[in-house]
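The values are calculated or read from the model by the stated rules, or taken from the named source; none is laboratory data. On a predicted model such as this, the values are computed, not experimentally measured, just so you know. Don't worry about glycine lacking a Cβ; one is built from the backbone with ideal geometry, like all the others, and counts go over all protein chains shown. Side chains are part of the model used for accessible areas, which takes the heavy atoms of the whole protein and leaves out ligands, DNA and RNA. Shrake-Rupley method; radii C 1.70, N 1.55, O 1.52, S 1.80 Å.
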Amino acid sequence: MKIMHHIGLAVEEAERQAFLAAGVELETGFAAFQIEESDARWPAVEALARRFGAVDTVSTKFSAAELKGAQYLALAPAWHHGYPEPSEDRGYLAATYDLSGYCEACGTGKRQVEPFRFAKAPVWGKNDVLQLNWVFDEYFVKPEVWSALFEPFGIACRPVLLQKSGAALDSVVQLDVHAQAGLDLSHLTGTPCSCCGRTKYPPPSRGFHPRPQAAPAAAFKSAQYFGSGASASQAFLVTQELYAKLAAANIKGVNFKPCAS
């Protein structure tokens, strides 16, 4: 396991000279680079990143042995493609969800009752799985990927509609996952919403993902919510058996985080 930092900042001469002294050569303008936390340069780089107000995004790289040895793994998007429609004023919320239990303050409590709508068919490129912007607990796949890899595990799918016509797209489906399991979040501090009282946790970015207490299905979601502000999502997890099938098929567009043992 390696803890990675993705640093981005605007570089003028003062920043360039400071980072150069720390062993990192940057060009002036906007610069971005990646550095491992175990790198001998990291303490100096961390101090400079704070000093110059750089954006520091933390992620974790796992070994093949860690991925293969995990009983459960959480999905993480490798890309985001498009927006749920209607995207203006986030009209997709009322068009897609039952909002009777929804809290506008923290974003929890919505329940999907209608298919998602896309502005156009997705441009897959080399990818097989996608996640929309704003919707961080749902995944969309090619129909042939669903039928070959997910359907055998009892995972259903939902159609995806074209916003203008309402017709079902034949190039994408949504994974339809309802099963939930509680995660061990004893090491995280949640924040209760002042409006609805539901607790939300910071998204786990360092190290292993929190472990579920049990697996109710091959693919399932966390009972708890993660996020900040008015954004809330549930973690999306799979068993080792399903992960092994996806990895063997070299599925593109999604990454995996092993859960703690």
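Values as computed for the structure displayed
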quantity	calculated
Members of the range 79-107 found to be surrounded by 15 or more Cβ atoms within 10 Å (Cβ to Cβ) and either among the hydroxyl-bearing types (S, T, Y) or under 25 Å from W124 (Cβ atoms) (or both), listed by number	H81, G82, Y83, P84, E85, P86, S87, Y92, A95, T96, Y97, Y102
Tabulated pairs, the range 20-49, first assigned to a strand (DSSP E or B), second surrounded by fewer than 16 Cβ atoms within 10 Å (Cβ to Cβ) and basic (K, R), C-beta under 9 angstrom, 6+ apart or interchain	I35/R41; E36/K2; E36/K61
Condition check for F226: open to solvent by 30 Å² or more (accessible area, probe 1.4 Å), touching a residue at least 12 places away in the same chain (Cβ under 8 Å), under 17 Å from F136 (Cα atoms) and of a type in the set (A, V, I, L, M, F, W, C)	no
Count of the range 185-223 residues which are open to solvent by 20 Å² or more (accessible area, probe 1.4 Å), more than 22 Å from C106 (Cβ to Cβ) and of a type outside the set (F, W, Y)	7
Number of the condition not met by Y97 [criteria: (1) under 20 Å from V160 (Cβ atoms); (2) touching a residue at least 24 places away in the same chain (Cβ under 8 Å)]	(2)
Test: residue in the range 142-152 that is more than 19 Å from A74 (Cα to Cα), within 20 Å of the chain's Cα centre (by Cα) and charged (D, E, K, R)	yes
Counted residues, the range 9-19 - those being loosely packed, with under 15 Cβ neighbours inside 10 Å, out of contact with any Ser or Thr (no Cβ under 7 Å at 6 or more places or on another chain) and not in a helix (DSSP H, G or I)	1
